[in-house]
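Encoded as structure tokens, the structure appears first; notes follow it.
Derivation of every value follows stated rules applied to the coordinates shown; laboratory data play no part. Note that this is a predicted model, so its numbers are computed, not measured. Neighbour counts are summed over all protein chains in view; Cβ atoms, including those assigned to glycine, are modelled from backbone coordinates with ideal geometry.
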Amino acid sequence: MDKIISIVSERTGVPVSDILSAKRAQDINEARRIFIYLSYMSGCSMASISKYLHGMTRQNISRHVRILGWEMEHYRYIGVKVKGIKDAVV
């Protein structure tokens, strides 16, 4: 997950410390959501993502995955952004 969060941070311009924090600014939340989504899609368990994010609940992680999936279907720019980050991770 270290590689994923580093690339998400680099591509979104949001510091890793902010992604890991409880801050709720839109840009930080979007970067956190992308990190959660890519971590989950790469096979990380919700429990391990929760631990990495210092105790975010599994319900919140699941919600972030669902929301980003919906956003990617309805907002093309989000899908393109996530795909670009995903390609950099792989």
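If you place +1 on the Cβ of every Lys and Arg, -1 on the Cβ of every Asp and Glu, and leave all else neutral, what size is the dipole of the chain about its Cα centre, to the nearest 20 Debye?
On the way: 14 positive and 8 negative charges, 43 e Å.
In total the dipole reaches around 200 debye.
Which shape class, rounded, prolate or oblate, goes with the stretch 2-89 when its Cα gyration tensor gives a ≥ b ≥ c as root eigenvalues, a/c under 1.5 marks rounded, and past that a/b bigger than b/c marks prolate?
Details: a/c = 1.35, a/b = 1.19, b/c = 1.13.
Rounded, because the longest to shortest axis ratio a/c is under 1.5.
Residues in the stretch 44-57 carry Karplus couplings, in order, of 6, 6, 4, 5, 6, 5, 4, 5, 5, 8, 6, x, 4, 5 Hz; the curve used is 6.51 cos²θ - 1.76 cosθ + 1.60 with θ = phi - 60°, and Gly or Pro positions show x.
What FRET efficiency comes out for the pair residue 16/residue 74, r = Cβ-Cβ distance, R0 = 30 Å, nearest 0.05? Please list the in-between numbers first.
Values: r = 28 Å, r/R0 = 0.94.
Computed FRET efficiency for residue 16 and residue 74 comes out at 0.60.
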